[in-house]
Every structure is written in C-alpha cells, then in structure tokens.
Amino acid sequence: MSDKKHWEDIYEARPPKQLSWFQEHADLSLQFIRDTGVSAGAHILDVGSGASVLVDDLLSAGYYNLSVLDISASALHAAQARLGAAASRVKWIEADITRLVLPEASVDVWHDRAVFHFLTDPEDRRRYVSTVLRAVKPGGHVIIATFADRKSTRLNSSHEVDLVC
C-alpha cells in the first residue's frame, strides 16, 4: 500500500475528531510559532497537516500567509470543509513532501507535527532535509515534532535556521 493510499484510507474511514492524534486546538504548535517572533504576514508552511486545526488557530491569531500541505486529499478536504469560507485564505497543497520541489527560500516557518518522525527510509529523510534546506529562508524557523527527549537542536551548522523538536 502506498503512503498516499494509507492516509486516504484513514481519513475516509473516520472523521478527524475520532483520530487518536486529533487536538481541539494546536496550542503547543501555535506557541512555538509565536515564539519565533515572525510577523502576521510571514509565510508559514504546515507540513503533513492532515485535518489539523492549527490552520484555524493561525488564522484566528491573525496570520494570513499560510500554506497547508498533506499527502491526503481527504484530510485537506476535511480541513477546508471545517474552515468554510475561510479556506480560501489558505494555500492548499496535496503532495508527498519527499517528492515535492518548493520554491527556494520561500518559507519563514516550517511546521511539521509528525511527518519527519515517520519517515523510515533514509532516502526519504535525505530528500525531506534537502527540501527544508532549500525552501526555508535564511534565518527562518523549522519546527518538527518527533518522539525524542531533545527539545531543540540545529538542523545543519552551515544553514542558519532554528529547529525545534
């Protein structure tokens, strides 16, 4: 089964609120983003967003240059339906982040609540990191949630971005 089919099946089988990882509000992610100090117009990319409410919380907080990326069209449609007319204020990207080419230095804040953690193929991880290094602006911020005890580290000593895990 492809990763895309796997995630489509999950989001087609149950409403987002019934998924174990669903949050009513993405408080921790929102706080990490606020802590970067970026302006309301900063380009924020939520990678592997699924049907997350982070985009709702960001819009409510006044951020307006938002992109939401997920491999599952069903997940994106669920988020769009939940947002209603406000969905038109967001750029929606249906893609596999390990295969996507994003514009160079186009992202101020890269947010990933679980995608990188679940990449087990070394080549997928390499492509992911390469995409981050290309897409995030120098001085930008990378927030990646993983299951580890380290709270923050540098992604790469030669690339000036902050990484929060």
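Here, each number is a calculation from the coordinates, and none is a lab measurement. Only a predicted model underlies this, so the values are computations on that prediction, with no experimental measurement involved. Cβ: placed from backbone, ideal geometry, glycine included. Neighbour counts: every protein chain shown.
Assorted remarks:
- Extending 7 Å from the Cα toward the beta-carbon at both ALA114 and LYS5 defines two label points whose distance is 2.1 nm.
- Calculated FRET efficiency for the pair ASP27/ALA85, C-beta based, R₀ 25 Å, to 0.05: 0.50
- Computed extension gain for THR146 through GLU123, at 0.36 nm per residue and net of the alpha carbon distance, reaches 6.4 nm.
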